[in-house]
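Below: one structure, written as structure tokens.
The values are calculated or read from the model by the stated rules, or taken from the named source; none is laboratory data. As the structure is a computational prediction, the values presented were derived from the model and not from experiment. A quick note on method: Cβ atoms are made from the backbone with ideal geometry, for glycine too, and the neighbour counts reach across all protein chains shown.
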Amino acid sequence: MRECPVPVTRRWAGRTCSYDWPVMYRPWLLRALPRHRRIMRGGATAEAIVLESRPWGWTSGAVRPNNRLTLRVHFHDGTTTTIARVERTHYLLQDESVGSTLPMRYDPADRAYIDIDRRALLDRHARFEREADRARIEDAERRRRHPGD
């Protein structure tokens with residue numbers, strides 16, 4: 001049995017492991033832990049780029065309930081790290097494609113504890129929706145004023 005490569009495993013699983021699912025796939029209840037909530041409220045922010053995204057676990061036709069992601073996290077001090085994890089597709093709001101960016105939060109004292117900033121992701125999608133709605137309204141108004149265009 002080998003030591004897990006990421007120290008987060010000891011916090012998640014409480015033991016060493018010979019496979020990587022405790023590091024990558026975290027049950028949703030772990031997001032209810034006080035440390036996770038504290039980091040989401042006041043942790044440092046970072047930006048991650050999706051390097052690889054592929055289905056993980058079972059798939060049903062075109063439905064991909066889970067994605068195995070490889071992320072390169074860029075911290076504000078200029079350092080980077082690459083992490084691998086599994087996330088639920090609906091949790092990512094369709095931002096799991098290669099090249100997309102994800103907002104992250106982490107504990108500045110322990111960078112091994114890092115997670116996707118769901119609130120920032122929701123805010124970003126709401127902003128995009130408002131901009132798209134505004135553009136559709138302007139387009140409809142323009143077509144109404146100039147029906148021949």
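Before moving on, here are some points about what is shown:
- Looking across region 123-136 at every residue that is of a type in the set (D, E, K, R) and closer than 22 Å to GLY43 by Cα, the one that is surrounded by the most Cβ atoms within 10 Å (Cβ to Cβ) is identified as ARG124.
- Candidates are the residues of region 21-55 that are part of a loop (DSSP other than H, G, I, E, B) and at pLDDT below 80; the one that is surrounded by the most Cβ atoms within 10 Å (Cβ to Cβ) is ARG26.
- Checking each residue in region 89-117 for being farther than 12 Å from VAL50 by Cβ, charged (D, E, K, R) and surrounded by 14 or more Cβ atoms within 10 Å (Cβ to Cβ) picks out ARG105, ASP107, ARG111, ASP115, ASP117.
- Of all the criteria given as (1) crowded, with 17+ Cβ neighbours inside 10 Å; (2) touching a Pro at 6+ places or on another chain (Cβ under 8 Å), the one not satisfied by ALA120 is (1).
- The one condition in (1) modelled with pLDDT of 75 or more; (2) among the polar types (S, T, N, Q); (3) in contact with an Asp or Glu (Cβ under 8 Å, 6 or more places away or on another chain) that THR89 fails to fulfil: (1)
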